[in-house]
Each structure stands twice: as structure tokens, then as C-alpha cells.
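Peer 1: The structure under discussion is supplied below as C-alpha cells; questions concerning it will follow.
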Amino acid sequence: KPQLLSNINACTAVVDIVRTTLDPRGMDKLIHDDKGAVTISNDDATIMKLLDIVHPAAKILADIAKSQDSEVTLTSLRSHAMPLLSRSVHFRFIQMLYTVELEF
């Protein structure tokens, strides 16, 4: 039972961090890392990437959020590729464009 409560508390802490960034009136978060870099964002996926989460249950929750963000990106990329393919743009060129885009 103590482990279950620990898992619930860790996941609740992660959710509380991201909760205020949601909805149209979402607030920005200022994140300062150990290297001195400062990031201001209200994108939950960006915030999850910047957090150094060590608790196993909370880390799984953050990984799920990251994978969902990646899936949305891939779906968006697929929808943008179809018009290019219909205009006979070679798929290797499209792949190269997406590779460059994903690196940023």
C-alpha cells in the first residue's frame, strides 16, 4: 500500500505541473536547468522533456505524454506528405525534408 500511494503522489505531482498550462488561459512555465539554460513554455510535451523525473511511475507517465506528442507529429507529417506525393515529389526528398524538420 505505501508503494501505491507513492506512485499516485508522484503522478499527481507531474499532472499538477502540467495542469496550469492547459486550456485557452494556460500559463507559461519557466524551467531552469542545472546547466543554467532557461526555457519558457506552455507546451506540456516540452515541459515533460525538460523535467528530470526519477520516480518510475511518474517517468512512465512522462514517457506516455512524449509518445503521444510524437504520434501527433507523425500523423501531421503523413497528412502533409500526401499532397506532395500527388504532385510526384519523390518520397526520398520528402523523407529528407522531414528528417531536417524533426532535428529542429
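Peer 1: Filter region 1-31 down to residues that are touching a Leu at 6+ places or on another chain (Cβ under 9 Å) and under 18 Å from Ile60 (Cβ atoms) and give me whichever is surrounded by the most Cβ atoms within 10 Å (Cβ to Cβ).
Peer 2: Among those residues, the one meeting the criterion is Val14.
Peer 1: Looking at (1) modelled with pLDDT under 75; (2) exposed (fewer than 14 other Cβ atoms within 10 Å of the Cβ), find the lone condition where Leu97 falls short.
Peer 2: Looking at each condition in turn, Leu97 falls short on (2).
Peer 1: Can you tell me which residue within region 28-80, out of those that are at pLDDT 75 or above and basic (Lys, Arg), is farthest from Thr12 (Cα to Cα)?
Peer 2: Lys35
The values are calculated or read from the model by the stated rules, or taken from the named source; none is laboratory data. Keep in mind the model is a prediction, meaning the values are calculated, not measured. In this analysis, Cβ positions are derived from the backbone assuming ideal geometry, glycine residues included, and neighbour counts consider all displayed protein chains.
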